[in-house]
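Below is one structure, written out as structure tokens; comments come after it.
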Amino acid sequence: MTAYIIRRLLILPIILIGITLIIFSMIWMLGPDRLLASYIKSPEALKTEDAKERLIAKYGLDEPTVVQYFKWLGNILQGDFGYSNIAKKPVQEAIAERIPYTLELALWAIIPVIAGGIWLGIVSGTHHNQPLDHGIRIVSLIGWSMPDFVFGLLILLLFYTVLGWFPPGYLSYESEAILRSAEWTKYTHMATIDSILNWNFSVFIDAFRHLIGPILTISYLWWAYVLRITRSSMLEVLKKDYIRTARAKGLSENVVINKHARKNALIPVVTVAGGMLVSLLAGVVIVESVFNRPGLGRFTAQAATQLDYFSILGSALVFSIILVLVNLIVDISYAFIDPRIRLS
Amino acid sequence: MSEQRTEFKRMMRRYFKSPTNVLGTVLLIFFIIIAILAPVICPPQPGRDPFQIPMATWNAAPVAPSADHPFGIIGGRDIFYGVIWGTRSAFKIGLVVSLISALIGVIVGSISSYFGGWVDEILMRITDIFMSIPFLVAAMIMTTILGKGLGNVMIALIIFGWMRVARLIRGNILQAKSEQYVLAAKALGIADWKIIVKHILPNTIFPVIVQVSMRIGSLVITAAALSFLGVGAEPGYADWGTILSYSRNWMTELNKSWFAILYPGTAMVLFVLAWNLVGDGLRDTFDPKMK
């Protein structure tokens, strides 16, 4: 077990260095001219004739690639990700400001995604080939094939444009005003949690109303996935000998499923949980863009459309680091759950 | 030969026994017919790129469906034309990206497992690294750097899309290495690369085919998502994601542009569903263990 963890930890720096290499080679592919645009904050800087060459030299864009890489890596390690033209501030600050919005969404979405998906999968698996199973499978097949932005647009169309229940964005103007007032303490920078801590339930309800659309979108699409895995693993487990033994002992169906089958059926779900969290991260880019939620995902998409290179690359680096850490945690916890992994 | 044919027939019979497989195949054939007949259903203007949706009006506001424009107009573009020709774009993206990235994956996986040792170690770490950047984010940056356009989207998707197949092939070859028929071939003195190309790959290629067909749907979704976010195909390109992206300008009045979501959205869901069902069906047919 310890050997396994140590091996995983030893690979970690290699992976991280590899990621910086890929991201740097993308910077390098831009070439000095396009990169220069990311350094210049006002067009006046380019007024004089030899300004471009001078500036390229000033920012070291004509130096050998290796020198540039280590300079860039040094800056990254010191927490300097460059200047974001769209946020009008350093990239690291812009990213730090936006993470709470994304984290809040992920925290609220993860509970319905996992609990709902597992529950549906178990119901579907235990009612194999009955009408209930077919119904759940058809709904999940459609969810499996539905692009997240199309579903998000449909949710907006129904719940915002037609019914007027769940608006896009983050907060209403009234709540934003309360958040800016002096009495409001920002504990976590997440409106739903801060509002409880500040004992202000109108803000909570407002913030939650804005969250329902994104949560619904993420949940529906992920239920399809979690359900498929739980269902097939449940079917597999129900065929096992020890389940037959449990039934032969005369245990009730509830006990067989809840005490004997479920725990083993959930092992594959844990394996895919890491990959799921990762795709969930990518999904927030789209969901935040559709619902206009000012998080890291929308920031990345905006930076990409407005060619704000330092912002995109900085966000990519943050997304990748989160991904690597999540995978590490999942792998280690999987080794805890399934002894066969740590022995091999 | 006849033995192979009966085996094939048995596979086909097993495949078409499931109603979902039949549904997927029928949907797929329907889309293939639409893609082939696109110039007949929506004749392009002579001398112009057929993938550019012709302007129906210079007014950007959405126009509800009518007899002339059965799916309506958005951004001045005829949605019906875009949906029909978008079928061709979808096939192009799905097939080109999945096949080329699978080929790269097969090559990397074969080299890795053939040489083993430090070559294997290095190639697999590179694979890990490429897998550590979220696919959508990676594709998004790559497209931004390469510039807009469907061709660049496809290149970006290929660069970050070969890793799964590489791992799959590597694992399969390592497993096959210790099997009887490979040991027999080795004992006969056949060269290693010949064993891989002639004996191992044909036996491990089915899982790859299954994975390719299962990936096509999600690739089309990712490409459309890039277009929707504004970093994919150029505006006016006959691509479902591009048409959907026009709705972003009408977010507060989606009830006036519902047709610009409904029609390309339905086409996409059905297309992806078709590939997912076919891929699932192939998997169950060729590898019942994985069911």
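The values are calculated or read from the model by the stated rules, or taken from the named source; none is laboratory data. In this text, all values refer to a predicted model and were calculated from it rather than measured experimentally. As a convention, Cβ positions derive from the backbone with ideal geometry for all residues, glycine included, and neighbour counts pool all protein chains shown. Side chains are part of the model used for accessible areas, which takes the heavy atoms of the whole protein and leaves out ligands, DNA and RNA. Shrake-Rupley method; radii C 1.70, N 1.55, O 1.52, S 1.80 Å.
Odds and ends about this structure:
- Any hit, the stretch A:108-123, residues being surrounded by 14 or more Cβ atoms within 10 Å (Cβ to Cβ) and either over 30 Å from A:ALA261 (Cβ atoms) or in contact with a His (Cβ under 8 Å, 6 or more places away or on another chain) (or both): no
Residue by residue, here is whether (1) surrounded by fewer than 21 Cβ atoms within 10 Å (Cβ to Cβ); (2) touching a Pro at 6+ places or on another chain (Cβ under 6 Å); (3) over 24 Å from B:LEU28 (Cβ atoms); (4) of a type in the set (Val, Ile, Thr) holds:
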{"residue": "B:SER227", "(1), (2), (3), (4)": "no, no, no, no"}
{"residue": "B:THR242", "(1), (2), (3), (4)": "no, no, no, yes"}
{"residue": "B:MET251", "(1), (2), (3), (4)": "yes, no, yes, no"}
{"residue": "B:ALA267", "(1), (2), (3), (4)": "no, no, no, no"}
{"residue": "B:PHE271", "(1), (2), (3), (4)": "no, no, no, no"}
{"residue": "B:ALA274", "(1), (2), (3), (4)": "no, no, no, no"}
{"residue": "B:VAL278", "(1), (2), (3), (4)": "no, no, no, yes"}
{"residue": "B:ARG283", "(1), (2), (3), (4)": "yes, no, no, no"}
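- Filtered residues of the stretch A:238-252 (kept if part of a helix (DSSP H, G or I) and either open to solvent by 10 Å² or more (accessible area, probe 1.4 Å) or in contact with a Ser or Thr (Cβ under 7 Å, 6 or more places away or on another chain) (or both)): A:LEU238, A:ASP241, A:TYR242, A:ARG244, A:THR245, A:ARG247, A:ALA248
- A residue that is buried (at least 17 other Cβ atoms within 10 Å of the Cβ) and modelled with pLDDT of 85 or more occurs nowhere in the stretch B:59-73.
- Qualifying residue in the stretch B:43-62 (condition: in a helix (DSSP H, G or I), aliphatic (A, V, I, L, M) and more than 30 Å from B:PRO207 (Cα to Cα)): no
Each row is one residue, and each column tells you yes or no for (1) assigned by TED's automatic domain parsing to the domain that holds A:ILE111; (2) over 23 Å from A:ALA94 (Cβ atoms); (3) at pLDDT 75 or above.
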residue: A:ILE142; (1), (2), (3): yes, yes, yes
residue: A:PHE149; (1), (2), (3): yes, yes, yes
residue: A:ILE155; (1), (2), (3): yes, yes, yes
residue: A:VAL162; (1), (2), (3): yes, yes, yes
residue: A:THR188; (1), (2), (3): no, no, no
residue: A:ILE205; (1), (2), (3): no, yes, yes
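- Restricting B:ILE221, B:ILE216 to those that are open to solvent by 10 Å² or more (accessible area, probe 1.4 Å), within 14 Å of chain A (Cβ to nearest Cβ) and within 17 Å of the chain's Cα centre (by Cα) reduces the list to B:ILE221.
Okay, residues lined up against (1) touching a residue at least 24 places away in the same chain (Cβ under 8 Å); (2) within 16 Å of the chain's Cα centre (by Cα):
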{"position": "A:VAL203", "(1), (2)": "yes, no"}
{"position": "A:THR217", "(1), (2)": "yes, yes"}
{"position": "A:ALA224", "(1), (2)": "yes, no"}
{"position": "A:SER233", "(1), (2)": "yes, no"}
{"position": "A:ASP241", "(1), (2)": "no, no"}
{"position": "A:ASN258", "(1), (2)": "no, no"}
{"position": "A:ALA261", "(1), (2)": "yes, no"}
{"position": "A:VAL269", "(1), (2)": "yes, no"}
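- Subset of the stretch B:253-265 (residues that are part of a helix (DSSP H, G or I) and open to solvent by less than 10 Å² (accessible area, probe 1.4 Å)): B:LEU254, B:PHE259, B:ALA260, B:ILE261, B:PRO264, B:GLY265
- Test: residue in the stretch B:98-116 that is within 14 Å of chain A (Cβ to nearest Cβ) and within 18 Å of B:GLY279 (Cβ to Cβ): no
- Residue check for B:ILE169: of a type outside the set (S, T, N, Q), in contact (Cβ under 8 Å) with a residue 24 or more places away in the chain and either within 14 Å of chain A (Cβ to nearest Cβ) or open to solvent by 10 Å² or more (accessible area, probe 1.4 Å) (or both): no
- Residue among A:VAL255, A:VAL270, A:VAL290 that alone is open to solvent by 20 Å² or more (accessible area, probe 1.4 Å), at pLDDT 80 or above and assigned to a helix (DSSP H, G or I): A:VAL255
- Which numbered condition A:GLN68 fails, given (1) surrounded by 18 or more Cβ atoms within 10 Å (Cβ to Cβ); (2) closer than 26 Å to A:PRO214 by Cα: (2)
- Condition met for B:ASN203 (free of Cβ contacts under 8 Å to residues at least 40 places away in the same chain and either on the phi < 0 side of the Ramachandran plot or facing another protein chain (nearest Cβ under 8 Å) (or both)): yes
- Screening the stretch A:20-36 for residues that are open to solvent by 50 Å² or more (accessible area, probe 1.4 Å) and at pLDDT below 80 and picking the one that is nearest to the other protein chains (Cβ to nearest Cβ) gives A:ARG34.
- Applying a threshold of 8 Å to beta carbon distances and a minimum spacing of six or more residues, or different chains, the list of pairs starting in the stretch A:297-309 at a residue that is within 7 Å of chain B (Cβ to nearest Cβ) and of a type in the set (Ser, Thr, Tyr) and ending at one that is surrounded by fewer than 24 Cβ atoms within 10 Å (Cβ to Cβ) and not in a helix (DSSP H, G or I) reads A:THR305/B:GLY230.
- Hey, B:VAL197 buried (at least 20 other Cβ atoms within 10 Å of the Cβ) and more than 14 Å from every other protein chain (Cβ to nearest Cβ) or not: no
- Taken together, the residues in the stretch A:127-174 that are open to solvent by less than 30 Å² (accessible area, probe 1.4 Å), more than 7 Å from every other protein chain (Cβ to nearest Cβ) and among the β-branched types (Val, Ile, Thr) amount to 2.
- B:GLY149 being among the small types (Gly, Ala, Ser), crowded, with 17+ Cβ neighbours inside 10 Å, at positive phi and more than 14 Å from every other protein chain (Cβ to nearest Cβ): no
- Evaluated against (1) part of a helix (DSSP H, G or I); (2) under 20 Å from the mean Cα position of the chain (by Cα); (3) surrounded by fewer than 19 Cβ atoms within 10 Å (Cβ to Cβ), A:THR188 falls short on exactly one condition, (1).
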